[in-house]
Amino acid sequence: MKRFLIAIAMAAMAALQAMAAGGLRLSILGDSYSTFEGWVRPDTNLVWYSAPADARRTDVERVEQTWWHQVLGRLGWRLEANNSYSGSTICNTGYRGEDCSHESFVARMGNLGSPDVIIVFGATNDSWAGSPLGEFKYEGIEPADLYSFRPAMAYMLARLKELYPGARLWFVLNDGLKPEVGRSATAICARYGVPVITLKGISKKSGHPDIEGMRQIADQVCAALE
């Protein structure tokens with residue numbers, strides 16, 4: 001317990017130092033909605049957004065148009081790490097029931113640097129891919145459980161709190177998802193005391209936010225963070 005309290009105090013001090021040096025350090029754990037070519041870590045992650053924009057997909061063609069870059073600018077924060085991967089699910093079951101244990105959220109969550117704030121923007125692909133929901137499980141989670149959404153979500157939040165004890169953690173929930181996915185994500189976040197930013201009315205093209213949608217996401221995220 002003493003070591004844990006010392007770690008919290010050190011993290012708080014680091015956050016104050018970051019503010020004095022030019023804003024809090026934000027890390028993002030996400031999927032295609034948070035990608036932009038040349039701005040993800042590691043650079044082998046698949047991206048959806050790039051310059052020039054693919055008109056068949058989106059009109060977003062500059063990194064400054066992404067939701068997270070707008071959030072950084074408005075709040076005066078700086079990017080620590082953007083570990084987003086297009087098409088990734090939180091759990092290890094992806095599209096067509098394929099094993100995605102290399103690129104899932106639970107596989108990537110240990111590579112976020114040293115953030116003061118973490119925004120997890122996920123569950124979209126778990127919903128779209130029809131990944132197994134599984135049971136609500138918070139203790140004794142086994143590797144096999146991580147192939148289902150509910151236990152993987154719980155494991156991810158618990159592990160993020162262990163890995164980054166001084167960071168403030170938020171979860172962004174997309175609109176238009178299967179009700180059972182949205183309800184499950186909200187319930188699991190409540191269990192771990194993680195605030196949920198539930199998006200509403202986001203403008204999209206090919207299922208992804210366009211320029212207007214990115215602005216709407218930034219508005220709603222900033223309203224919650226402020």
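Amide H contacts for GLY87 (H built 1.01 Å from N in the peptide plane; partners 5 or more residues away or on another chain; cut-off under 5 Å): SER32. Counting only residues at least eight positions apart within a chain, or on another chain, the aspartates and glutamates with an alpha carbon under 18 Å from that of LYS137 are ASP126, ASP145, GLU162, GLU180.
For the peptides 164-170, 28-34, 144-150, 189-195, residues were scored by their other Cβ atoms within 10 Å and the scores averaged per peptide; the highest-first order is 28-34, 144-150, 164-170, 189-195. Amide H to amide H, with H built 1.01 Å from N, VAL172 comes under 5 Å of VAL120, PHE121, GLY122, ILE197, counting only residues 5 or more places away or on other chains. With a Förster radius of 25 Å applied to the beta-carbon distance between ARG96 and ALA144, the computed FRET efficiency rounds to 0.85. Let me test this: with uniform point scatterers at the alpha carbons of the chain, what is the Debye-based log₁₀ I(q)/I(0) at q = 0.13, 0.14 1/Å? Results for the chain at q = 0.13, 0.14 Å⁻¹ read -0.73, -0.85.
Can you give me the long-range amide H partners of ASN82? Hydrogens built in the peptide plane at 1.01 Å from N, cutoff under 5 Å, separation of 5 or more residues or another chain. The list, which skips near neighbours in sequence, is ILE28, ARG41. Going 7 Å from the Cα of SER114 along its beta-carbon direction, which residues of the range 22-56 have the amide nitrogen within less than 20 Å of the resulting point? Answer for the range 22-56: 22-29, 41-42. Full extension of the chain between ALA53 and ALA107 yields a length gain of 16.6 nm, computed as 0.36 nm times the residue separation minus the alpha carbon distance.
Of the DSSP H helices in the chain, those with a Cα length along their own long axis of 15 Å or more and a mean Kyte-Doolittle hydropathy reaching 0.5 comprise 2-22, 211-225.
Helical content of the chain, expressed as a calculated mean residue ellipticity at 222 nm, amounts to -11500 deg cm²/dmol (DSSP H runs of 4 or more residues, -39,500 (n - 2.57) each, divided by residue number, nearest 500).
Looking at the chain, the accessible area is 46 square angstrom per residue; that uses a 1.4 Å probe and ignores ligands, DNA and RNA. If R0 is 35 Å, the Cβ-Cβ spacing of ARG159 and SER203 corresponds to a FRET efficiency of close to 0.55.
Inter-part distance, the range 196-226 to the range 55-104, computed on C-alpha centroids, equals 13 Å.
Legend: calculated FRET efficiency, ARG62 to TYR192, from the Cβ-Cβ distance at R0 = 30 Å, rounded to 0.05, equals 0.30.
The values are calculated or read from the model by the stated rules, or taken from the named source; none is laboratory data. Everything numeric in this text was worked out from a predicted model, so none of it was measured. Positions of Cβ are backbone-derived with ideal geometry, glycine not excepted, and every protein chain shown enters the neighbour counts. These area figures cover heavy atoms from the full protein model, side chains too; ligands, DNA and RNA do not enter into them. Shrake-Rupley method; radii C 1.70, N 1.55, O 1.52, S 1.80 Å.
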